[in-house]
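The values are calculated or read from the model by the stated rules, or taken from the named source; none is laboratory data. On a predicted model such as this, the values are computed, not experimentally measured, just so you know. We place every Cβ from the backbone using ideal geometry, glycine too, and count neighbours over all the protein chains shown. Only protein heavy atoms, including side chains, enter the accessible area calculation; ligands, DNA and RNA are left aside. Shrake-Rupley method; radii C 1.70, N 1.55, O 1.52, S 1.80 Å.
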Amino acid sequence: MSVKPKKGSRFLWYDFYVAGKRHRGSTEQTTVQKAKQAEILLIQKAMAGKLTTIHNKAPYLRDYAVTFLDFVAKTRLSDKTKEYYRNGWRLLEKEDISGMRIDAIKRSTTQILSIPGSGSSVNCALRTLRRMLSLAVENELITKRPRITMVEEVERKRLVEAVEESLILAKAPRTLRDAYLLVADLGIRPDDAVSIQWDHVDFSRNDILIMGGKTGIKAKRYISMTTRVREMMLERAKLTVGCIWAFPSRKGKRAGKSMTAHSISSRFSNFKKKEGLSDDLVLYSARHTFATDLTEATGNLSKTQKALGHTALSTTARYNHSRSADIAAIMNDRNSSRHTFGHSSQMVQ
């Protein structure tokens with residue numbers, strides 16, 4: 001029984017045997033007295049069979065990613081969740097943290113982790129890291145997962161302007177243009193658009209069954225096609241004869257499967273750079289534009305909630321970005337119906 005310093009760590013480490021099993025790891029203490037106290041508690045946990053056993057050095061994160069992604073592929077997680085974790089690792093593997101041993105990753109490590117992109121991209125990487133380290137605990141490679149705090153995600157408020165839509169419809173490659181139409185006219189998410197199966201498209205009833213989404217039963221819904229979406233889908237059916245997907249992948253490991261949200265978003269990013277569109281414009285902006293236009297036209301937020309597949313009305317409210325010009329027009333109509341401003345004889349204090 002002893003506590004010793006470990007190269008590369010500011011903490012003292014324990015190393016002891018209980019019933020023939022070796023236990024070693026960080027006490028997470030820097031003074032000998034506190035480290036020994038921590039070690040005594042650990043020995044008691046080991047005797048009760050509640051302490052993780054560590055025999056070998058923890059692997060590097062980049063090496064453990066192979067085990068993690070293989071585990072994810074074999075689980076009953078949805079395809080979207082699996083793709084989410086794969087995207088998270090793509091973000092992590094480019095950073096210095098991928099070259100760290102997993103037992104050396106602390107909360108402070110994650111707080112200074114610099115992931116390029118939006119808050120949602122950063123959180124995708126952090127959630128993936130959190131799940132990887134949780135699995136490492138289950139596999140007895142580390143004793144404890146550090147607390148990982150998500151960053152604040154900036155609310156999307158960008159809408160697609162008419163001139164921007166005209167450019168997209170006129171110059172975007174066919175697959176990107178078609179996906180845009182589905183998001184803009186039906187209000188579905190980009191990943192739902194490229195995940196449509198032909199079995200879920202009913203031209204006689206003129207609707208599409210949307211299966212995906214993040215809100216369970218509410219996300220599964222029938223949505224009627226607009227005229228231009230119907231015409232596009234009829235043409236698309238001719239291009240994908242014999243395929244179950246409306247947007248099949250043609251290359252790589254996903255050949256024969258549906259496209260991914262990452263793939264279609266990347267295509268949109270490349271297109272907007274080529275055409276000089278604003279950097280804050282994303283494909284998801286079309287969904288926000290749909291929600292805003294529908295709410296303004298109907299005055300019915302519940303109708304918009306149902307169309308978007310949201311569970312909570314408060315979530316739908318965040319998608320309504322009324323234009324100030326419309327508010328001014330309403331006030332002008334009000335004022336034109338009055339003989340005075342209502343304050344003609346008194347100064348407003």
Quiz item: Can you name every residue in segment 38-52 that is of a type in the set (Val, Ile, Thr) and either under 13 Å from residue 22 (Cα atoms) or in contact with a helix residue (DSSP H, G or I) (Cβ under 7 Å, 6 or more places away or on another chain) (or both)?
Solution: 43, 52
Exercise. Restrict the check to segment 170-177 and report whether at least one residue is within 26 Å of the chain's Cα centre (by Cα), in a loop (DSSP other than H, G, I, E, B), closer than 22 Å to residue 270 by Cα and modelled with pLDDT of 95 or more.
Key: yes
Exercise. May I ask you to verify whether residue 81 is within 19 Å of residue 145 (Cα to Cα) and either free of Cβ contacts under 8 Å to residues at least 12 places away in the same chain or touching a Phe, Trp or Tyr at 6+ places or on another chain (Cβ under 8 Å) (or both)?
Key: no
Exercise. Return the residue satisfying two criteria in turn: it lies in segment 151-165 and is open to solvent by 70 Å² or more (accessible area, probe 1.4 Å) and out of contact with any helix residue (DSSP H, G or I) (no Cβ under 8 Å at 6 or more places or on another chain), and of such residues it is nearest to residue 50 (Cα to Cα).
Key: 155
Exercise. From 280, 293, grab the single residue that is charged (D, E, K, R) and in contact with a Lys or Arg (Cβ under 6 Å, 6 or more places away or on another chain).
Key: 280
Quiz prompt | Filter result (surrounded by 10 or more Cβ atoms within 10 Å (Cβ to Cβ), modelled with pLDDT of 70 or more and part of a helix (DSSP H, G or I)) within segment 319-341 | solution = none
Exercise. Within segment 12-51, track down each residue that is small (Gly, Ala, Ser) and open to solvent by less than 60 Å² (accessible area, probe 1.4 Å).
Key: 25, 26, 35, 38, 46
Exercise. Kindly indicate whether residue 85 is out of contact with any Gly (no Cβ under 9 Å at 6 or more places or on another chain), within 24 Å of residue 8 (Cβ to Cβ) and assigned to a helix (DSSP H, G or I).
Key: no
Quiz prompt | Filter result for the condition that a residue is surrounded by 16 or more Cβ atoms within 10 Å (Cβ to Cβ), over 28 Å from residue 10 (Cβ atoms) and not acidic (Asp, Glu), over 66, 72, 122 | solution = 72
Quiz item: Restricted to segment 125-150, and to residues that are in a helix (DSSP H, G or I) and among the aliphatic types (A, V, I, L, M), which residue is most open to solvent (accessible area, probe 1.4 Å)?
Solution: 137
Practice problem: Would you please name the residue that is nearest to residue 222 (Cα to Cα), looking only at residues in segment 280-318 that are open to solvent by 10 Å² or more (accessible area, probe 1.4 Å) and among the small types (Gly, Ala, Ser)? | Solution: 307
Quiz item: Does residue 113 satisfy the condition of being within 19 Å of residue 86 (Cα to Cα), surrounded by 15 or more Cβ atoms within 10 Å (Cβ to Cβ) and out of contact with any Gly (no Cβ under 8 Å at 6 or more places or on another chain)?
Solution: yes
Exercise. Output yes when any residue across segment 33-50 is part of a loop (DSSP other than H, G, I, E, B) and in contact (Cβ under 8 Å) with a residue 12 or more places away in the chain, and no when none is.
Key: no
